[in-house]
Amino acid sequence: MEATCANPSIVTASRTIQPYRSPALSLRFLTYRNKRFFPYSLTVTRCSTTKSRETGQDSTFESSISLKKGLVLDLGVSKDSWDSEEIGSPVVKRFLSDNEERWYMWYHGSSKQNPVSDCIGLAVSNNGIHWERGKGKVESSDDVGLVMSCGEDWWGFDTASVRPGEVVIMSSSKVRANSSVYWMYYTGYTTETVEFQSQGFTSGLGNPERFHLCDENVEKSRVYRSLPGLAISQDGRHWARIEGEHHSGALFDVGSEKDWDFYYIASPHVVFHGDGDLRMYYHSFDDKPGEFCIGMARSRDGIKWLKLGKILGGRISEKDGSGFFDELGGRYPCVTRNKRDESYVMAYEGVDRNGKTSIGLAVSKDGINDWKRVQDEEAVVAVGEGSAWDNEGVGCPYLIEMDGDSDHQWRLYYRGVGNGGRTGIGLAEIAMGGEQFELEEDRDGPLELLQSLRSKATELLLREEWEESIKVYTEFIDLSRRQVSRNGGSDPNPDSIAKLRRSLCLALCNRAEARARLRDFLEAMRDCDQALEIEKTHFKTLLCKGKVLLGLSKYSLALECFKTALLDPQASDNFETVTGYMEKCKKLEFQAKTGAFDLSDWILSGFRGRCPELAEFIGLIEIKKSEFSGRGLFATKNIVGGTSILVTKAVAIERGILGNGESGEKAQLIMWKNFVEEVTESVRKCGRTRRVVSALSTGQDEDNLEIPDIALFRPDEAFETYDDSKQSLDTEKLLSILDVNSLVEDAVSAKVMGKNKEYYGVGLWTLASFINHSCIPNARRLHVGDYVIVHASRDIKAGEEITFAYFDVLSPLEKRKEMAESWGFRCGCSRCKFESVLYVTNQEIRELEMGLERGVDAGNAVYMVEEGMKRWKVKGKDKGLLRASYWGIYDEIYNSERLMKRWGRKIPTVEVVVDSVSDVVGSDERLMKMAVEGMMKKNGGCSNIVEMEKILKLGKGVYGKVVSKKKAMKTLLGLE
């Protein structure tokens, strides 16, 4: 995913949030050898405030508190306020528009009723100084107060406390809404304590810190396990947690025992650097040197993170005296981009040798390397003097760059601690002057330039800046080829040419890696093949090519690549990696040939972790002309209910959270726009994808469409040839294709498995889009990650067309006609024909439907249907068709004890009705639910073996044979 984000320094130019773009990077003749650092000149002023009013409270705020120097938010006044005991961790946003200025502050707080459990609240302001707050939970999108409490899942990482780290206004392909949404990165704490040697230093070690508690030796020095989490919101008040890859729901775990962040991870602060480049700064305690350290991680999508290590720690003064203000390290980093020179500025909480805290600043050109403290020995913001409200400690800084052409003004919000451990949130203003870095151009010779380009490209690759690394590698490759061509026959030193060719081989391999990450697999294959022309057994290239072939679903070719890689001497150091890929190829190859998929273990784990890896699979089907409409999929042999028919990956998919009303409609339009762009890019990059998508219907001239061979959709049939044209489909044609063939994940004939079920999703699965509608469907689909699994919902005969239910087929004929019309077609299935004839020739049917419209008793209606079928000579499967049409009244009577007492002996049993309906329309969740409830009522909560087998058979019709373990199926059915 590539994310777009609002200005990471928080100050936005207007209400409409525009994505921040990093300036284009020119690498020709540019070096970093001649850096000159100029220290900032600093002026720090603590700000005063007037009244801070709390919603629903008396407006006479205590004057002794409101007039304290620098204090802008004190503890909640009411004893029952959610933030009456302790507050801190301010995260502040400023929004500017033509008409108003708005400030939001998220902060943590704890109440007197539960002083050791932190929650997150929101206060608002029109100037960043006078804040409006609430004493309870928010009720509406305009309310203020408590917005996020601890997690309720016992296995979660945030069950004890939550504290905000950063709020980023961002949109992404993983989460879509009607506009950019708030992403809150926060620290979640559990009740799990961590024990380690602190070298006699206990003050300020607690995680989280507790200032207001009296028992110094117990709670204040306790260290609880904490991890970073993510939640999103459309209004900044109502938050939905996003479950990360860690089993606890956190974004990532602590490090191993030898790592600096082994004990906990806290205060995640995220900065948007550019498209697909988010950076997280966080802190932990490294017990080896005995200091707090700040480290960082990077991500392309804001959800999956790669740790880069620590960037700032403690330092020991060589002078006598009290030492540095951050001798024991730094924590609570707040990093922002300096709008004047695009450098990075970090405010952090420094801890001295006595555990006292103050605030320092550091700067870096790239936000990763060479962090330099602005004031080497003294803190930028120290504790208040005398009896000041913050005379015991200051920390948890949050830095905002203000607009203005004169002095470079910044606002620094921070947590202050005063006498008795009383906390508050304060504000200081900082004026920064001076320049930071200056770059000097330098023109190097070709070899020096090659070295510079290679170093820069490698750095960009390691940072996962794929597009930029491709540009630099391309420049390096072109220059290398010119050098080889120019000096190949005349260079007196053949070793230099050989070395250059090896560098060229590695550069082609690395560019292939970057292209593969962008899913440009064919260009990646081209690079791999060119690299192997230079060195046939180049280990890294063979490994890269194997992974690219896996991405193209060519499992046997990928396996051969990995086997060849094992012959290289380097393979001995990477044996487990290569053999792991080989086992993966064998597993996927087996799935692709047999259709033997199993999701049972994933289901039993509660859908934790990543979705299972699936192979593309096409079963016993072919494409033929359909009697329903255009073309369709047909079974070439008998297919047993639950059997997988096909498994295919989406060309593109877009997911998001939809609101209600107009906002939801707007969100859908934004999602559709992004979805179209993703498909367009996929079609442009890959000739095979273009051919497959082109074969789909535009909705015009359906009867004369060409019937494509099913082989077109098999990824392993023929290897793709390189295509330099990078063609795109005609936009109008592509839009028509997507309009007709796109599938919504949450549909009547579909189940979404795992985390994605919380989102609205639309995608293009090419072969699945050939499946037409029928009111007697025989197939359903499961959505697992980006894959769709189509399986038989009942037994299918050879030659029978594979069909879905596009809408609810457990409905009367007239209702189904209305829904078909809204889809733009008329259903001509055998069921519709049968019921149409019966409706025209039978007066009783028409009277029955008029009675249903008037609200006739459901028991009487079911009795009329059952007795009527005897008179109308409706037999066999036709009974199931009528029962399906009037399913609503059957459902009502079987779920009513009153009606069953009166009518139960006059109508068929639940089992008879469920069996007859599922026999004609396939398995359905409602049929399955009724069968389960009927069994439990009948047997007093105990299961009967025969009836349980019938229910499990219905379950296979809904979920397919991919759920092979009975325990997993029972879990899905709610029987475990």
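The values are calculated or read from the model by the stated rules, or taken from the named source; none is laboratory data. Since the structure is predicted, the reported quantities are computational estimates derived from the model, not experimental observations. Ideal geometry is used to build each Cβ from the backbone, glycine not excepted, and the neighbour counts take in all protein chains shown. When the accessible area is computed, the model is the full protein with side chains, heavy atoms only, and any ligands, DNA or RNA have been set aside. Shrake-Rupley method; radii C 1.70, N 1.55, O 1.52, S 1.80 Å.
Values as computed for the structure displayed
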{"item": "Local net charge near Pro812, Cβ-Cβ under 12 Å (Lys/Arg +1, Asp/Glu -1)", "result": "0"}
{"item": "Anchor Lys545: aspartates and glutamates whose Cα lies under 15 Å away (excluding residues fewer than 8 positions away in-chain)", "result": "Glu513, Asp520, Glu523, Asp527, Asp529, Glu533, Glu535, Glu560, Asp568, Glu720"}
{"item": "Highest-first arrangement of 778-784, 590-596, where packing means the average Cβ count within 10 Å", "result": "778-784, 590-596"}
{"item": "Rounded Å value of the spacing that divides the Cα centres of the stretch 839-857 and the stretch 313-373", "result": "80"}
{"item": "Charge context of Pro208, other residues only, Cβ under 9 angstrom, K/R +1, D/E -1", "result": "0"}
{"item": "Ranked packing of 754-763, 537-546, 562-571, most packed first, by mean Cβ within 10 Å", "result": "537-546, 754-763, 562-571"}
{"item": "Loop GluC sites (Glu not before Pro), the stretch 229-319 (other Cβ atoms within 10 Å of the site Cβ: 14 or fewer; DSSP)", "result": "Glu257, Glu318"}
{"item": "Whole-number accessible area per residue in Å² for the stretch 446-594, which is evaluated in the context of all protein chains at 1.4 Å", "result": "49"}
{"item": "30 Å Cα-Cα threshold exceeded, pairs from Lys625/Lys929; Lys586/Lys967; Lys755/Lys815", "result": "Lys625/Lys929; Lys755/Lys815"}
{"item": "Carbon + sulfur, % of accessible area of the stretch 446-594 - ligands and nucleic acids excluded, 1.4 Å", "result": "52"}
{"item": "Nearby lysines by direct alpha-carbon distance to Lys288 (threshold 24 angstrom, same-chain neighbours under 8 apart not counted)", "result": "Lys220, Lys258, Lys307, Lys310, Lys319, Lys356, Lys372"}
{"item": "For peptides 964-975, 116-127, 674-685, sequence by mean Cβ density within 10 Å, most packed first", "result": "116-127, 674-685, 964-975"}
{"item": "Two-decimal log10 I(q)/I(0) for the stretch 565-648, as the Debye equation yields it once each C-alpha is a single scatterer, q = 0.17, 0.19, 0.26 Å⁻¹", "result": "-0.87, -0.96, -1.21"}
{"item": "The stretch 446-594 - Rg over Rh from alpha carbon coordinates, Kirkwood radius", "result": "1.02"}
{"item": "In Hz, Karplus ³J(HN,Hα) per residue of the stretch 278-290 (6.51, -1.76, 1.60; θ = phi - 60°; x = Gly, Pro)", "result": "10, 10, 10, 10, 8, 10, 8, 10, 9, 7, 5, x, x"}
{"item": "List Trp410, Trp305, Trp823, ordered by accessible area with a 1.4 Å probe, largest first", "result": "Trp823, Trp305, Trp410"}
{"item": "Neighbourhood charge, 9 Å Cβ-Cβ cut-off, centred on Cys544 and excluding it, Lys, Arg +1 and Asp, Glu -1", "result": "+1"}
